[in-house]
1. For segment 158-188, enumerate the residues that are small (G, A, S) and either more than 14 Å from the chain's Cα centre (by Cα) or assigned to a strand (DSSP E or B) (or both).
2. May I ask you to list the residues in segment 82-97 that are surrounded by fewer than 19 Cβ atoms within 10 Å (Cβ to Cβ) and touching a residue at least 24 places away in the same chain (Cβ under 8 Å)?
3. Evaluate the following for R104: is it without any contact (Cβ under 8 Å) to a residue 40 or more places away in the chain and within 8 Å of ligand 1 (Cβ to nearest atom)?
4. Tell me which strands (runs of 3 or more DSSP E) are completely within segment 224-330 and hold 3 or more residues being closer than 25 Å to P200 by Cα, or say none if there are none.
5. Any idea which of (1) buried (at least 21 other Cβ atoms within 10 Å of the Cβ); (2) out of contact with any Leu (no Cβ under 8 Å at 6 or more places or on another chain); (3) polar (S, T, N, Q) is the one S100 doesn't satisfy?
6. Any residue that is open to solvent by 40 Å² or more (accessible area, probe 1.4 Å), out of contact with any Pro (no Cβ under 6 Å at 6 or more places or on another chain) and assigned to a helix (DSSP H, G or I) - is there at least one of those in segment 65-79?
7. Tell me yes or no: at least one residue of segment 197-209 is over 27 Å from D24 (Cβ atoms) and not β-branched (V, I, T).
8. Please pick out the residue among V167, V187, V176, V215 that is in contact with a Pro (Cβ under 6 Å, 6 or more places away or on another chain) and away from ligand 2 (no atom under 16 Å from the Cβ).
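The values are calculated or read from the model by the stated rules, or taken from the named source; none is laboratory data. What you see is a predicted model, and the numbers here were worked out from it, not measured in a lab. Quick reminder, even Gly has a Cβ in these numbers, built from the backbone with ideal geometry, and neighbours come from all protein chains shown. These area figures cover heavy atoms from the full protein model, side chains too; ligands, DNA and RNA do not enter into them. Shrake-Rupley method; radii C 1.70, N 1.55, O 1.52, S 1.80 Å.
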Amino acid sequence: MREFGYQRASDVAGAVALLGADPDARFLGGGTNLVDLMKSGAERPARLIDIRELPLDQIETTPEGGLRVGATVTNGDLAAHPEIRRRYPALAQAVLAGASGQLRNMATVGGNLLQRTRCGYFTDVTKPCNKRVPGSGCPAIEGEHHNHAILGASDRCVAVHPSDMAVALTAFDAVVAYETADGPGEVSLAEFYLPVGGTPHLETALPPGALITGVTLPPSPVAARSRYRKVRERASYAFAIGSIAAALDVRDGAVHDVRLAFGAVASRPWRARTAERVLTGAPAGPETFAAAADAELAAAKPLPHNGYKVTLLRNLVVAVLSELAEETAR
Ligand SMILES: Cc1cc2nc3c(=O)[nH]c(=O)nc-3n(C[C@H](O)[C@H](O)[C@H](O)COP(=O)(O)OP(=O)(O)OC[C@H]3O[C@@H](n4cnc5c(N)ncnc54)[C@H](O)[C@@H]3O)c2cc1C
Ligand code: SF4
């Protein structure tokens, strides 16, 4: 690990100014991803701007009746918050499905959204990787890709985004707020992660030097009936090989409202809008759920060793929506 500078920021404007003064600086949240990448050499910042003492650690009700979550709220505090658990249960479940208790107590909401892919070629600096070194190639396409993307990938990169939290936030139409030297801005989660295309090293729509200040969850009655289901290769302490955040409202036997997002299938959380269209107004039963999954997954382009994800996601959609439909009918 090469030497680096360290500074602690005490206010938002100061943090943005410190980062702006040094193009090789990075914000430090909990450090649970960034410091690992510094050890492997995949990240080589000259300076860390520690943002953990910024006044961004609250979860507050918005005037519209949603919730605003500060960027330095820890994953542990987010999952334990009574209003998150009551009004957006899939979000609490998604966070609790990630990492370990110790890591969740360090990791922050802003850092979770910006964590990097777990593709092994990305973290191994002896290998080419278009995301780490643009133009160097993508060995995963011909190599180890059993946990890589089936949707929205390109011939430059087939990595998946590893966050569980971001999948639930995407299903609930969350909006990311940020601050730059030119003032504040915001971007919806749907627009936050860029399509991979020919530029896999460009991952988000955040302007250069932006500090994430928080995430706003709009009010969403259907979100109170939601669930996150994660499939992984061992029972705990592992990233998803496929996951789903779903919310469902059934009235008179038909789907009145639905939210659906997939994780670990694309370079970003995958909002399943095609499936949502098939579901809305249709009879709430396994045939409809399977037809919706098939409609969404028709766009899948699996690689030789990850075709299992298509079946996995189809089964997840049918199982989780069936469970939610049964609960709503009670
Ligand atoms: C063993 C292990 C298992 C894990 N398992 C899971 C899992 O199953 N599911 C899952 O979702 N995650 C998992 N994680 C990832 C973990 O959740 C992330 O490492 C964590 O959320 C990152 O948050 P952080 O605050 O530590 O970010 P940091 O490591 O501090 O930062 C990550 C990146 O975000 C930037 N950044 C941080 N905050 C801001 C901000 N406010 N504004 C702008 N930029 C910012 C940093 O500069 C850096 O580039 C795991 C991690 C480990 C080590
Ligand atoms: S999949 Fe993406 S991150 Fe992995 S080696 Fe290819 S370019 Fe790099």
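1. A177, A181, G183, G185, S188
2. E83, R86, P89
3. yes
4. In segment 224-330, 240-251, 254-263 are the strands (runs of 3 or more DSSP E) which contain 3 or more residues that are closer than 25 Å to P200 by Cα.
5. For S100, the exception is condition (1).
6. yes
7. No: zero hits.
8. Answer to the selection: V167.
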